[in-house]
Amino acid sequence: MNIRLTTYCSSDNIPSLPGKNVFHSTAFFHVLERTPSYQPMLIVAFCGTSPVAKILCVNRPSNIHILPIRRCVVYGEGEYFGLDEKEKNQVFELMFSHLVFQQQGKAFFIEVRNLSYTLFGYRIFRENEFFPVKWLRIRNSIHKEKFDKWMDVSRRHQIEQGLKSGATMEVVRNEGDVIVLANLLKRYYSSKVRQYFPDICFFIQLYKEIISEGMGDIIIVRYKGKIIGGAVCFYDEEKAYLLFSGGLNKTYYAQYPGVLAVWKAMLRAKEIGKLHFEFINVGLSFKKYGFRNFLLRFGGQQSSIRRWYRCKWRWLNQLLTYIYV
């Protein structure tokens, strides 16, 4: 198979491409491109004139705010069209080696997350000097009629109490509400969650690009007309992914805005026919993480998955490899 790779760093040059994976879509590229300090890169594999695979990554500031370093993040192994498993692995190896080469000197860390299964690409990652770190994820099956049967009893009570107290849940329908929610989540994440939080432009572009194409939803929780919580979700063919969620839980403790935001996101995903609801960032397996315990009470199943990392400094990469491999 004669494969030709093309790298796109500007959406102006990207041709029409097939695919339904939101994390490797042109729409998501537009969102990243229009977010300050984000530098997306899309690698497309062609066989002749036909695209057979694509993989999207983004170079962005790191979670470590005290150090001005950058991180290249890849959400999954990419998307493939008309390839068998052997051909898929061959094309992935070509695209991923090219991605690593392109990011040398630009990113301090390269991180690959959200792989479809734990052993995918093991040999390729190790040959490119990546080391694995075990992360956890939580998945809820929402295709069953009573998918809340495994939910913690106290969680059900909180949902009932929040709605009874006058809180309402809805899908965002205008840009103004998106801005209000983004500012609320920014304050919430800065004090509660150790996770990088993007510029507000990211959420505005999500609303314009992803939400408008039915590839995601933004949920808000209101109380007496004020937005007190919300969540952001992406969709693929069968799954919904929770990217961000939070609420003014201390101020409006009787309304449980954080709980209602996640619950409405799950209801919305079931409503549009998704089979699973996945919380993709629930922490390291060896660290206590309050947010993970919060999510588990919705009744999902916890499992482990590898994230792969490569550090720019060779000596540090070798040390981390020694620790984790």
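The values are calculated or read from the model by the stated rules, or taken from the named source; none is laboratory data. Quantities reported herein were computed from a predicted structural model and do not represent experimental measurements. Here Cβ is always computed from backbone atoms with ideal geometry, including for glycine, and neighbour counts include all displayed protein chains. Side chains included, ligands, DNA and RNA excluded: accessible areas come from the protein's heavy atoms. Shrake-Rupley method; radii C 1.70, N 1.55, O 1.52, S 1.80 Å.
Here are a few things to note about the model shown:
- Condition check for Leu5: farther than 26 Å from Glu238 by Cα, of a type outside the set (S, T, N, Q) and open to solvent by less than 30 Å² (accessible area, probe 1.4 Å): no
- All positions within region 244-269 that are surrounded by fewer than 18 Cβ atoms within 10 Å (Cβ to Cβ) and either out of contact with any helix residue (DSSP H, G or I) (no Cβ under 8 Å at 6 or more places or on another chain) or touching a residue at least 60 places away in the same chain (Cβ under 8 Å) (or both): Lys250, Thr251, Tyr253, Ala254, Leu267
- Region 273-325, subset open to solvent by 80 Å² or more (accessible area, probe 1.4 Å) and touching a Pro at 6+ places or on another chain (Cβ under 9 Å), residue nearest to Ala261 (Cα to Cα): Tyr324
- Qualifying residues in region 27-50 (those that are among the small types (Gly, Ala, Ser) and in a strand (DSSP E or B)) - the one least open to solvent (accessible area, probe 1.4 Å): Ala45
- Subset of region 105-137 that is basic (Lys, Arg) and within 18 Å of Ser304 (Cα to Cα) - its residue that is farthest from the chain's Cα centre (by Cα): Lys134
- Of all residues in region 202-225 being under 22 Å from Phe277 (Cβ atoms) and part of a loop (DSSP other than H, G, I, E, B), the one that is most open to solvent (accessible area, probe 1.4 Å): Gly214
Every residue, every condition in (1) touching a strand residue (DSSP E or B) at 6+ places or on another chain (Cβ under 7 Å); (2) in a helix (DSSP H, G or I); (3) open to solvent by 50 Å² or more (accessible area, probe 1.4 Å), yes or no:
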| position | (1), (2), (3) |
| --- | --- |
| Glu145 | no, no, yes |
| Trp150 | no, no, yes |
| Glu160 | no, yes, yes |
| Ile179 | no, yes, yes |
| Pro198 | no, no, no |
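- When each of Arg156, Arg173 is tested for being closer than 24 Å to Lys274 by Cβ, in a helix (DSSP H, G or I) and free of Cβ contacts under 8 Å to residues at least 24 places away in the same chain, the lone residue that passes is Arg156.
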